[in-house]
Protein chains: 2
Amino acid sequence: MTDAQDVAATNTALYEAFETADVDRMQRVWDDADPDAVVCVHPGWPMLRGRDTVLRSWSAVMAGTDYIQFFLTDVRISVLGDTAIVTCQENVLTEVTEQGDGNAAVVATNVFVRRPDGWRCQVHHGSPVLGRLVDE
Amino acid sequence: MTDAQDVAATNTALYEAFETADVDRMQRVWDDADPDAVVCVHPGWPMLRGRDTVLRSWSAVMAGTDYIQFFLTDVRISVLGDTAIVTCQENVLTEVTEQGDGNAAVVATNVFVRRPDGWRCQVHHGSPVLGRLVDE
């Protein structure tokens, strides 16, 4: 597989781990070589830093989500040496819960770093599209 | 200067260009070696792609902003070869306008790439902190 295909597979693993509430897989997705550099922004949330804090947040989010499915569109992968940037739109289908209200559009920037055992996630930044019009 | 200091200076230039509505400086901040890879998410906006589209959006945003000042906190810089990731909180002080309502907290992930003439911005992703409590 090409680098971009490998990165795409790890990016997909991030969303599949969330969809299946698979804590072990989520742990494997995130980088453990530089745990202090791990960063996660869930849509509308403050910035969470550090692998342990980020993984705890995922456990909480997944425990509070009955059903969620992602349809990724506009996925672009930029491989820059041993770093890869994935930008995409997350089209989110979810049950109505205290955390969400059905369908939502989220845009995401994900940063992956190449390690001896493959690409691992260092940054996930998701943000809500609030429907403001773009003046262009 | 170290790489991290150089990256910090370019990161600062991004916000100073916005504060001073300096279109020329904003153009210099953004990468022009790979214009299709340029990505920008203004808080709450959809993802904008391509250098021209992104610079047009900045011109529109700056034209619609009477006054804005950024106080960056929690700035972390991760240099990975010829790529650098800056994550930070933007504490935004602004006049009340149609685009904003005074003070706001935004978290940002900025990606810079090393070019022969210095570090240039490839990705800016800002997102609003909506006040949801973090369960941790």
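Taken residue by residue and averaged, Cβ atoms of other chains lying within 10 Å of the Cβ of A:77-85 number 6.
The packing ranking, built from the mean of other Cβ atoms within 10 Å per residue, places the peptides A:113-122, B:63-72 in the order A:113-122, B:63-72, highest first. The share of C-alpha pairs in the range B:44-113 whose separation exceeds 19 Å stands at 49 percent. Looking at the protein assembly as shown, the pairs of alpha carbons with a distance over 26 Å make up 38% of the total.
For the protein assembly as shown, with all protein chains present and a 1.4 Å probe, just round the carbon and sulfur fraction of the accessible area to a whole percent.
On the way: 5950 of 12350 Å².
Ligands and nucleic acids excluded, carbon and sulfur give 48 percent.
Chain B comes nearest to the axis taking it onto chain A at the Cβ of one residue; that residue and its distance, in whole Å, are B:S127, 2. Sorted from nearest, the other copies put their B:T53 label points 3.3 nm away, the label point being 7 Å from Cα in the direction of Cβ. Distance distribution P(r), the range B:1-42, all Cα-Cα pairs, bin width 10 angstrom from 0: 26, 51, 23 percent. Inter-copy label distances for B:T12: 4.4 nm (label point placed 7 Å from Cα along Cα→Cβ; shortest first).
Between B:L72 and A:E95, what is the label-point separation in nm under the 7 Å Cα-to-beta-carbon projection? Label at A:E95, label at B:L72, 4.3 nm between them.
In terms of overall dimensions, chain A has a Cα radius of gyration and Dmax of 14.6, 44 angstrom.
Accessible surface area normalised per residue over chain A is 45 Å², counting heavy atoms of protein chains with a 1.4 Å rolling probe. Summing charges over all other residues whose Cβ lies under 13 Å from the Cβ of B:R28, with Lys and Arg as +1 and Asp and Glu as -1, gives -2. Ranked by the mean number of other Cβ atoms within 10 Å of their residues, highest first, the peptides A:54-62, B:39-47 come out as B:39-47, A:54-62. Buried surface between chains A and B: roughly 3300 Å² of accessible area, summed over both sides, computed with a 1.4 Å probe on protein heavy atoms only. Per-residue shielding of B:40-51, expressed as the average number of other chain Cβ atoms within 10 Å of the residue Cβ, stands at 5.
The values are calculated or read from the model by the stated rules, or taken from the named source; none is laboratory data. This structure is a prediction, so every number in the text was calculated from the model and none was measured. Backbone-built Cβ (ideal geometry, glycine too); neighbour counts: all protein chains shown. Note: accessible area is taken over every heavy atom of the protein model, side chains too, but ligands, DNA and RNA are not part of it. Shrake-Rupley method; radii C 1.70, N 1.55, O 1.52, S 1.80 Å.
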